[in-house]
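Colleague: Below is a structure I'd like to ask you about.
The values are calculated or read from the model by the stated rules, or taken from the named source; none is laboratory data. A quick note: this is a predicted structure, and the numbers were derived from the prediction, not measured. Quick reminder, even Gly has a Cβ in these numbers, built from the backbone with ideal geometry, and neighbours come from all protein chains shown.
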Amino acid sequence: MLLTLIIFIPLVLGLLACAVVPARQMKYAALGILVLDLLLSVYAAAFAFDWAGATQTVEIFGTSVETAFQLRAHVAWPLLSQFEISYSVGLDHLSMLMVLLTTVLGIFGVLCSFKAIEKREKEFYFHLLLLQTGILATFSALDLFVFYMSWELMVVPLYFLIGIWGSKDRLYATMKFVIFTLAGSLMMLLAILWMYYNGAQTYSYEKMLTLGMGEQWRFAVWPFLGLMAAFLIKVPLWPLHTWLPDAHTEAPTAGSVILAGVLLKTGVYGILRFAIPLFPYAAVALAPLFTWLAVIAIIYGAMCAMVQKDMKRLVAYSSVSHMGFIILGVFCFNAQALSGAILQMINHGISTGGLFLAVGMIYERRHTRLMSEFGGLAARVPIFAALTMVMVLSSVGLPGLNGFVGEFPILVGSMSNAPILAAAREPNSIYAILRQTNYTWLVASLAVTGVILGAVYLLIMYQKVFFGKLDKQENKELLDLNGREVFQLAVLSLAALFIGLFPQTLLKPINHTSRHLLEVVSVPLSFGQENEPMRYEGTEEHGDEHDATGEHNHASAPASDERAGES
Amino acid sequence: MIGQFQTFVPQVALDQVLPFAILIVGGLLILALDALLEAVAKMTPERRDQTLTLVTGLVLAGAFGTFAVDMLGANARPFLEGAFRADEFGHLGALLIIGTALAFVLMAPALIKRRKLPAGEMYTLLLFSVAGMTLLTVANELITAFICIEILSLSLYVLTGIDRRNRRSSEASFKYFILGAFASAFLVFGIAFLFGATGTTQLFGDGRAYDEMQTAEKIGRPVQLPTDIANYNMGINEVLYSGQRIVYAAQPVSEVVEGQIVTHPNVIATLAPLNPMWLFIGFALLFVGLCFKLSLAPFHMWAPDVYEGAPTITTMLIATASKVAAFAFLVHVVEALSFWRFFPAGASFIISAVAVISIAWGNLGAIVQTNFKRLLAYSSIAHGGYLTIAIATLIHPEVFSDLGRIERVRDAIVFYLFAYTLMNVLAFGIAAYLGRQGEGEISNFRGLFHRRPAIAVAMSVAMVSLMGLGLPIVGFWGKIYVFKEAVDVGLIALVVIGALGSVVSAFYYLRVVVEMFMRDASADAEAGTVPQGFAYPLVIGLSCAAIVIFGFLPPLFFVLGGRG
């Protein structure tokens, strides 16, 4: 019930506010609603959620299911229960973190629009609140149909946010965004239908896990790719990224912040939540493919960012690059890289969200985002310069800030993604072909260049805007940040600093999640090994007692999970 | 049939003909009232039109009621000497058609007043066309079906051109007539071939011969049909099952039974080997004829012009009700023909090809349209394509050997038709409501949200539902129902093409939404006048609400349709 409240409060109260609150006051109403939502989610995280991660046994459509999800709600859909469709939501460690990220960043989405949005305010804030509901539902859905619906629900408000309040080429950008997303989600829909008819006979994710569908779908590649198409478009991974720079550039600041901060994470979340656990074999087999795409995305995104003249476009391409790191970390399948990737999901929300806020603040003052229009701003707006510096450095990955603690484990982990090699035993199989391409050292070293390039383009941007001579007349009259703006950037800077200095607070729940995921893929990872006990770095503490025949199924997962919990 | 006219005095039970009788007698009544009200009762033309509207509404409501209480029994037994057969599909289809006609009657008065149209003719033709359509949904005999198609088509030709002072309307009517007549020729030709191949024009028999053949198969004796086959009222399904066709003999037939020659003086029919080629040609020609009526590509050329030229409410009728009827007939034909074991292999190719071409052509053609009604015409071509995927699923051998699955696929089709009807009634209803602004260029919708926010929201509901992606509204579920059955039998390629088509469709449907919400109206845009009264808001509100409600509870449709 608490979770359902958290999800639907923005929508329901937003509708109510639309009816009773005058347009000029709508922003305060929206802020109030989101603060209430944040308080509820903090309450849920602090008091209702059990971070130790106890499992419980529940009954889902006549099957007794052991589930790690908490704060669950499960109601069979009226008249559709024979298809086993249900309104089913719940949180585990990963989704709890994502819900917190969403509720936090939602507030910034409202705060940064206070002055920027002057026309059709009611609609604007309603769409922002609707977007919040869509994202929260996506992060907590445990029924594939509900997940699909929430996934689509996210598209609608963003479509309007970009299309109505965007800048010049907004219609082109919003159409491109919608068509890309719809193409992906249709592939996902087909995959979901395929799953239903090929053994699952249910849309309940928890039940699918219990039924051990991962083993049954050992050779299913196409449905896995169908899911991945939807998720990777959302991430977005090269070469599916082309909608992102357009959408970001044209979106209002709030749209960009939410888009970069939270929406892109839904793609990674989908991979971690659904694609890998449901198709562990395909995920392991195709992992080299995704690692290579990720490497290309890292470098391509960075190089594109280097040549941009528009700051917002630059930050958008930097997003492509940084999301590449996350995908790389996910598909290395070892504990370090995976934890780093999940941590980086939060970090990217903070630092890129902050950068978009900063660009939005400049844009509000000068109505241009071209770097050539600026220069020497540090002298005129010192507070703004200092706070932006923190965001830039956090995005670059300076040790001591959050970017470092996310990217470093990914790079270390990518160096040692040996287990993928172990999977390549069958000659002439796709495994063996992919093995040929899996040079871990090459992957890692190419990815490292992404960090360097990141430093180059971000620092060059900072230099062009804030240093040099203050020669433009308009820039000499710029006003420094007001309290509301300082609050936004300061909070994000403090968060960046906090995570950079005390990553353990977040890594603890994150490790819980990544351990869980590695359990799921441990059998596929050892698939094809004859008599060799599986050993690889990073997961020794629980990866070594699997028998080598590859005949394990998921029934062993809870047992080893307990051991992991003890250690 | 031949030579047996003496036994062909149809046994008519009132309950079987009442719904249709109401419609036809109602049509005649309107015709009479139209002449009499002015001359005898001395009514003003305005008053006369109001009375006619009221009477038409009552007639349709009566027909709806008789269908709704299931007068026909919907038990899939042929009646009226095998000419009709009401199953659940035909039953629900008829309800949909009458529902659409009710929407037509609600919206017609404003148009009649504005364009000074002859109300009596319009309502008479409406009732006749509805009679033709509802009869077609339950037709079980090819000649009867042909007559139904002609009744509905001829009425629709005239309804298309009823706005005589509008040149586009006349042009559309003429085009529709020429191509429709052409299509009718194909239909007749196909029917002739089917008759030549099987010896009967009845689709489903009364089941006695089928039962007997199945028993024979079960106990392992060779299939041997009784010689007094003519009394069996055999349908194409049973003929195909036996692999033999009925041959009508002029003389009494003799046969040797246990060494004795027995003569059957009353027998006029016997069985002979079936020629599959004729059958296939017959189906192909019939299918082409139906493709014209259903505006499936590549036989869709008339649709955009007719949709654009016809009065908007007539377009609504053509786009929804006539398609429901024709699809019901197509479903019954392919179901009967599927008893021929080779049928799916041959027919699935043409059916799938038509589906793919319709989806591709409809969706790509719609992209470049600037006129709203032409856009909907192409959209309806694409939707016909999605429905044809379901037809391809229906004849899949895997489906046909499983009664439960046939049921599911038929459910999918009828639900899709329901969804499609709702969305189009809403879209055309809004277009008709906005009059000049709604029926012309899409750019006329520019900034509609500021002028009429409720209408703009309703139109977005219609567009998103037509798009059928993502949000759980009725169009989405229609697509899910169709696609999931196709995935289940492994028609993945068709489904992927359908899915890609839907993505393309997002582009042009959302363009309407973009115009309404995201562009500001140009300075010279006038608010326009809309018809007063409750009729239009009622149609728009009801269909919009139904789209949303059935989106959350799709199976409610079947519950309301009488399935417990």
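Colleague: Which one is surrounded by the fewest Cβ atoms within 10 Å (Cβ to Cβ) among residues in the stretch A:117-160 that are under 18 Å from the mean Cα position of the chain (by Cα) and not in a helix (DSSP H, G or I)?
Modeller: Top of the filtered list is A:A141.
Colleague: Is it the case that A:G226 is modelled with pLDDT of 85 or more and closer than 15 Å to B:V487 by Cβ? Before you say what the answer is, go through the steps one by one.
Modeller: Details: modelled with pLDDT of 85 or more: yes; closer than 15 Å to B:V487 by Cβ: yes.
Yes; evaluated as a whole, the condition is true for this residue.
Colleague: Name the residue that is nearest to A:S256 (Cα to Cα), counting only residues in the stretch A:190-226 that are at the interface with chain B (Cβ under 9 Å from one of its Cβ atoms) and touching a helix residue (DSSP H, G or I) at 6+ places or on another chain (Cβ under 6 Å).
Modeller: Per the stated criteria, the residue is A:L190.
Colleague: While we're here: Assess whether B:L23 counts as being touching a Leu at 6+ places or on another chain (Cβ under 6 Å), surrounded by 17 or more Cβ atoms within 10 Å (Cβ to Cβ) and in a helix (DSSP H, G or I). Don't jump to the end; show me each part of the working.
Modeller: Numbers: touching a Leu at 6+ places or on another chain (Cβ under 6 Å): yes; surrounded by 17 or more Cβ atoms within 10 Å (Cβ to Cβ): yes; in a helix (DSSP H, G or I): yes.
Yes, satisfied.
Colleague: For the stretch B:109-130, check the following and say yes or no: at least one residue is of a type in the set (V, I, T) and in contact with a Gly (Cβ under 7 Å, 6 or more places away or on another chain).
Modeller: Checking the stretch B:109-130: at least one residue is of a type in the set (V, I, T) and in contact with a Gly (Cβ under 7 Å, 6 or more places away or on another chain).
Colleague: Let me ask something else. Looking at the stretch A:136-158, is at least one residue within 28 Å of A:L13 (Cα to Cα), touching a residue at least 60 places away in the same chain (Cβ under 8 Å), more than 9 Å from chain B (Cβ to nearest Cβ) and touching a His at 6+ places or on another chain (Cβ under 7 Å)?
Modeller: no
Colleague: Find the helices (runs of 4 or more DSSP H) located wholly in the stretch B:442-549 whose residues include 1 or more that are over 27 Å from the mean Cα position of the chain (by Cα), and list them. So that I can check it myself, show each step before the final result.
Modeller: On the way: elements: B:448-451, B:453-467, B:474-489, B:492-513.
By residue number, B:448-451, B:453-467, B:492-513.
Colleague: Related question: Among the residues of the stretch A:159-173, which ones are more than 7 Å from every other protein chain (Cβ to nearest Cβ) and among the aromatic types (F, W, Y)?
Modeller: We begin by selecting, within the stretch A:159-173, every residue more than 7 Å from every other protein chain (Cβ to nearest Cβ); these are A:159, A:161-162, A:165-170, A:172-173.
Selection gives A:Y159, A:W165, A:Y172.
Colleague: Please work out if A:L97 is at positive phi and among the aliphatic types (A, V, I, L, M). Let's see the steps before the verdict.
Modeller: Values: at positive phi: no; among the aliphatic types (A, V, I, L, M): yes.
It is false that A:L97 is at positive phi and among the aliphatic types (A, V, I, L, M).
Colleague: Among the candidates B:A486, B:A462, B:A454, single out the residue that is among the hydrophobic types (A, V, I, L, M, F, W, C), more than 12 Å from chain A (Cβ to nearest Cβ) and buried (at least 22 other Cβ atoms within 10 Å of the Cβ).
Modeller: On the way: B:A486 fails: more than 12 Å from chain A (Cβ to nearest Cβ); B:A454 fails: buried (at least 22 other Cβ atoms within 10 Å of the Cβ).
Step by step, each of B:A486, B:A462, B:A454 is checked, and only B:A462 is among the hydrophobic types (A, V, I, L, M, F, W, C), more than 12 Å from chain A (Cβ to nearest Cβ) and buried (at least 22 other Cβ atoms within 10 Å of the Cβ).
Colleague: Against the condition over 14 Å from A:Q463 (Cα atoms), touching a residue at least 24 places away in the same chain (Cβ under 8 Å) and not basic (K, R), how does A:L401 come out, does it pass? Lay out the reasoning, then the answer.
Modeller: Numbers: over 14 Å from A:Q463 (Cα atoms): yes; touching a residue at least 24 places away in the same chain (Cβ under 8 Å): yes; not basic (K, R): yes.
Yes; evaluated as a whole, the condition is true for this residue.
Colleague: From (1) within 20 Å of the chain's Cα centre (by Cα); (2) under 24 Å from A:V20 (Cβ atoms); (3) outside any helix (DSSP H, G or I); (4) not β-branched (V, I, T), pick out the condition that doesn't hold for A:G90.
Modeller: (2)
Colleague: Looking at the structure I just gave you, is A:M311 under 18 Å from A:P245 (Cβ atoms), touching a strand residue (DSSP E or B) at 6+ places or on another chain (Cβ under 8 Å) and aliphatic (A, V, I, L, M)?
Modeller: Values: under 18 Å from A:P245 (Cβ atoms): yes; touching a strand residue (DSSP E or B) at 6+ places or on another chain (Cβ under 8 Å): yes; aliphatic (A, V, I, L, M): yes.
For A:M311, the condition - under 18 Å from A:P245 (Cβ atoms), touching a strand residue (DSSP E or B) at 6+ places or on another chain (Cβ under 8 Å) and aliphatic (A, V, I, L, M) - is met.
Colleague: A further question on this structure: Kindly list, by first and then second residue, each pair from a residue in the stretch B:489-500 that is more than 18 Å from B:L364 (Cα to Cα) and of a type outside the set (A, V, I, L, M) to a residue that is at pLDDT below 90 and buried (at least 16 other Cβ atoms within 10 Å of the Cβ), limited to pairs with Cβ atoms under 9 Å and residues at least 6 apart or on different chains.
Modeller: Correct list of pairs: B:G490/B:H396.
Colleague: Okay, moving on. Could you say whether any residue in the stretch A:191-199 is over 18 Å from the mean Cα position of the chain (by Cα), among the hydroxyl-bearing types (S, T, Y) and in a helix (DSSP H, G or I)? Explain how you work it out, then say what you get.
Modeller: Step one: of the stretch A:191-199, the residues over 18 Å from the mean Cα position of the chain (by Cα) are A:191-199.
Among the residues that remain, those that are also among the hydroxyl-bearing types (S, T, Y) are: A:196-197.
Cutting the leftovers down to in a helix (DSSP H, G or I) gives us A:196-197.
Yes; the residues of the stretch A:191-199 include at least one that is over 18 Å from the mean Cα position of the chain (by Cα), among the hydroxyl-bearing types (S, T, Y) and in a helix (DSSP H, G or I).
Colleague: Please go through the stretch B:494-518 and pick out each residue that is at the interface with another protein chain (Cβ under 9 Å from one of its Cβ atoms) and aliphatic (A, V, I, L, M). Reasoning before the result, please.
Modeller: Within the stretch B:494-518, the first condition is being at the interface with another protein chain (Cβ under 9 Å from one of its Cβ atoms), and the residues that meet it are B:495-496, B:499-500, B:502-504, B:506-507, B:510-511, B:513-514, B:517-518.
Passing the criteria: B:V495, B:V496, B:A499, B:L500, B:V503, B:V504, B:A506, B:L510, B:V513, B:V514, B:M518.
Colleague: Something else: Tell me the residue from B:S155, B:S184 that is among the polar types (S, T, N, Q), closer than 30 Å to B:E81 by Cβ and surrounded by fewer than 22 Cβ atoms within 10 Å (Cβ to Cβ), please.
Modeller: Working: B:S155 fails: surrounded by fewer than 22 Cβ atoms within 10 Å (Cβ to Cβ).
Criteria check complete, one pass: B:S184.
Colleague: In addition: Quick check on the stretch B:402-412. Is at least one of its residues surrounded by fewer than 20 Cβ atoms within 10 Å (Cβ to Cβ), under 22 Å from the mean Cα position of the chain (by Cα), assigned to a helix (DSSP H, G or I) and away from every other protein chain (no Cβ under 14 Å)?
Modeller: Yes, the stretch B:402-412 contains a residue that is surrounded by fewer than 20 Cβ atoms within 10 Å (Cβ to Cβ), under 22 Å from the mean Cα position of the chain (by Cα), assigned to a helix (DSSP H, G or I) and away from every other protein chain (no Cβ under 14 Å).
Colleague: Now for a different question. Quick check, is A:L171 part of a helix (DSSP H, G or I), surrounded by fewer than 24 Cβ atoms within 10 Å (Cβ to Cβ) and without any contact (Cβ under 8 Å) to a residue 12 or more places away in the chain?
Modeller: On the way: part of a helix (DSSP H, G or I): yes; surrounded by fewer than 24 Cβ atoms within 10 Å (Cβ to Cβ): yes; without any contact (Cβ under 8 Å) to a residue 12 or more places away in the chain: yes.
It is true that A:L171 is part of a helix (DSSP H, G or I), surrounded by fewer than 24 Cβ atoms within 10 Å (Cβ to Cβ) and without any contact (Cβ under 8 Å) to a residue 12 or more places away in the chain.
Colleague: Shifting gears a bit: Please pick out the residue among B:A131, B:A139, B:A108, B:A119 that is touching an Asp or Glu at 6+ places or on another chain (Cβ under 8 Å) and hydrophobic (A, V, I, L, M, F, W, C).
Modeller: Working: B:A131 fails: touching an Asp or Glu at 6+ places or on another chain (Cβ under 8 Å); B:A139 fails: touching an Asp or Glu at 6+ places or on another chain (Cβ under 8 Å); B:A108 fails: touching an Asp or Glu at 6+ places or on another chain (Cβ under 8 Å).
None of the other options fit; the residue is B:A119.
Colleague: Here is a further query. Being modelled with pLDDT of 85 or more and not in a helix (DSSP H, G or I) is the filter here, so list the residues in the stretch A:496-546 that pass it.
Modeller: A:F502
Here's the yes/no breakdown for (1) hydrophobic (A, V, I, L, M, F, W, C); (2) modelled with pLDDT under 85:
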site: A:P22; (1), (2): no, no
site: A:M26; (1), (2): yes, no
site: A:A29; (1), (2): yes, no
site: A:F61; (1), (2): yes, yes
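Colleague: Oh, and also: Of all residues in the stretch A:174-184, how many are within 8 Å of chain B (Cβ to nearest Cβ) and surrounded by fewer than 24 Cβ atoms within 10 Å (Cβ to Cβ)?
Modeller: Of the stretch A:174-184, the ones within 8 Å of chain B (Cβ to nearest Cβ) are A:174-175, A:178-179, A:182-183.
Restricting the remaining residues to those that are surrounded by fewer than 24 Cβ atoms within 10 Å (Cβ to Cβ) gives A:175, A:179, A:183.
The total comes to 3.
Colleague: What's the number of the condition B:L317 fails, among (1) surrounded by fewer than 24 Cβ atoms within 10 Å (Cβ to Cβ); (2) closer than 26 Å to B:A94 by Cα; (3) of a type in the set (A, V, I, L, M, F, W, C)?
Modeller: Of the numbered conditions (1) surrounded by fewer than 24 Cβ atoms within 10 Å (Cβ to Cβ); (2) closer than 26 Å to B:A94 by Cα; (3) of a type in the set (A, V, I, L, M, F, W, C), the odd one out for B:L317 is (1).
Colleague: List every residue pair whose Cβ atoms sit under 7 Å apart, with the two residues 6 or more apart in sequence or on different chains, where the first one lies in the stretch A:68-84 and is at the interface with another protein chain (Cβ under 9 Å from one of its Cβ atoms) and the second, anywhere, is part of a strand (DSSP E or B).
Modeller: If the second residue must be part of a strand (DSSP E or B), the pairs left are A:W77/A:S86; A:W77/A:Y87.
Colleague: Sort through A:S95, A:S113 and tell me the only one that's under 25 Å from A:N511 (Cβ atoms), more than 14 Å from every other protein chain (Cβ to nearest Cβ), of a type in the set (G, A, S) and out of contact with any Asp or Glu (no Cβ under 7 Å at 6 or more places or on another chain). Break it down stepwise before answering.
Modeller: Working: A:S113 fails: under 25 Å from A:N511 (Cβ atoms).
The unique qualifying residue is A:S95.
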